[in-house]
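Peer 1: The structure that follows is given in the form of structure tokens.
Just so you know, all these numbers are worked out from the coordinates, no wet-lab data involved. As the structure is a prediction and not an experimental result, all values here were calculated from the model. Positions of Cβ are generated from backbone atoms using ideal geometry, with glycine treated the same way; all protein chains shown enter the neighbour counts.
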Amino acid sequence: MIILITGISSGFGLAMARQLNADGHTVYGTVRRDVEQLPGVHYLRADVRDTASVQAAVDAVLAAEGRIDVLINNAGMGIGGPVEFAPEADVQLQMDTNFMGQVRFAQAVLPAMRKQGSGKILCFSSIGGVMGLPFQGFYSASKFAVEGFCEALQIEVRRHGIQVVLIEPGDFSTGFTAARIKQVSDAAVAAYPSLRQSVSSFEKDEQTGLKPEYLARKVAKIVRSRHPKFRYVIATFIQKLSIPLKRILPARTFVRVLSLFYDVK
Ligand SMILES: NC(=O)c1ccc[n+]([C@@H]2O[C@H](COP(=O)([O-])OP(=O)(O)OC[C@H]3O[C@@H](n4cnc5c(N)ncnc54)[C@H](OP(=O)(O)O)[C@@H]3O)[C@@H](O)[C@H]2O)c1
């Protein structure tokens, strides 16, 4: 299969490129800086915030291969800190990267997939895309947006033989934690006293989380599957449990549980 993955410089993208290449697929991946290249993987330059570079990356794959069977919308980043203190520029960066970046790539591959009458678009959401995480409010918002557009898209493109899949990872140890843009200023801490404790607690959960190779193996199965599900939660048992708990528990109780889990006092 011809597979295009966004953001293969580190984390999930790198692990998926390695796994899918080893599985015998033709793998193209985007980067926005020089990186050590995996043998056999084709590297393309693209910034998901730049529509022209997104279109150029997709055109390059189509020119070389004539088709794209799978798009993996993986590239993303996070901002952290209280909603009240998030600079507007950071909020825009968050939405432009995580939401609009996926929209741009989906729109760029859809004409070719429609002509083919087949294709798979995997979009990276998060457990934070199904519940609002404290001090990651805009990260959650960007992933809720991904969930919403994918829910609609899957219905629209079904008749063209295109499948849309949401990937909802829990905590994984990748470059994501180090790349997070944080607002933990003295003013923010004065207003939200548990901020530092909460941020260091969820960052520790990420850094001691599952390895990206685990997710890459799961994604490789989804890529192979003729009839994939719409949603895959890839996480520890406890993290997976939080999703049905949100549905089952009274809203107030669920908020208490999340507050405890995230050390928010
Ligand atoms: N790690 C977790 O616990 C976790 C949990 C749930 C969901 N996720 C999601 O998983 C996806 C991958 O993240 P990761 O954990 O693998 O983090 P990562 O190691 O930081 O990798 C993120 C990738 O996205 C790329 N990227 C960021 N901004 C970009 C832009 N504007 N244009 C092009 N590429 C860009 C990065 O490129 P550079 O190296 O150039 O920055 C990098 O290749 C993200 O969508 C994230 O939200 C992660």
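Peer 1: Just to be sure I understand the curve: with the Debye formula and one point per C-alpha of segment 68-126, what is log10 I(q)/I(0) at q = 0.16, 0.21 Å⁻¹?
Peer 2: After summing over all Cα pairs, the log10 values are -0.57, -0.79.
Peer 1: Between A89 and D59, how many nm apart are label points set 7 Å from Cα along the C-beta direction?
Peer 2: The two pseudo-label positions are separated by 3.1 nm.
Peer 1: Which value in nm describes the separation of the simple spin-label points at D50 and R256, placed 7 Å from the Cα toward the beta carbon?
Peer 2: 5.2 nm
Peer 1: Sorting check: for 162-168, 58-64, which peptide has the highest mean count of neighbouring beta carbons within 10 Å, and how do the rest follow?
Peer 2: 162-168, 58-64
Peer 1: Follow-up. Is segment 1-66 rounded, prolate or oblate when judged by the Cα gyration tensor, a ≥ b ≥ c being the square roots of its eigenvalues, rounded requiring a/c under 1.5 and prolate requiring a/b larger than b/c?
Peer 2: Here segment 1-66 falls in the oblate category.
Peer 1: Follow-up. Could you calculate the contour length gain from Q107 to R158, that is, 0.36 nm times the residue separation minus the distance between their Cα atoms, to one decimal place in nm?
Peer 2: 16.8 nm
Peer 1: Apply the a/c threshold of 1.5 to the C-alpha gyration tensor of segment 131-232 and tell me whether it is rounded, prolate or oblate.
Peer 2: Cα axes put segment 131-232 in the oblate bin.
Peer 1: Can you tell me the 0 to 90 degree angle between the C-alpha axis of helix 212-224 and the longest principal axis of the chain, rounded to 10?
Peer 2: Helix 212-224 and the main axis of the chain meet at about 40 degrees.
Peer 1: Given contacts defined as C-alpha pairs under 8 Å and at least six residues apart, what's the relative contact order of the chain, whole-number percent?
Peer 2: 20 percent
Peer 1: Which residue, G101, G24, G209, tops the fluctuation ranking in a GNM of the chain built on C-alpha contacts under 10 Å?
Peer 2: Maximum fluctuation in the GNM of the chain, among the listed residues, is at G24.
Peer 1: Just to compare against my own numbers: the Cα pair-distance distribution for segment 2-240, 5 Å bins, whole % per bin, please.
Peer 2: Each 5 Å bin holds this share of Cα pairs: 1, 7, 14, 19, 20, 17, 11, 6, 3, 2, 1, 0.
Peer 1: Among the listed pairs K182/K211; K120/K143; K120/K221, which are separated by more than 21 Å between their Cα atoms?
Peer 2: In this structure, K182/K211 lie more than 21 Å apart at Cα.
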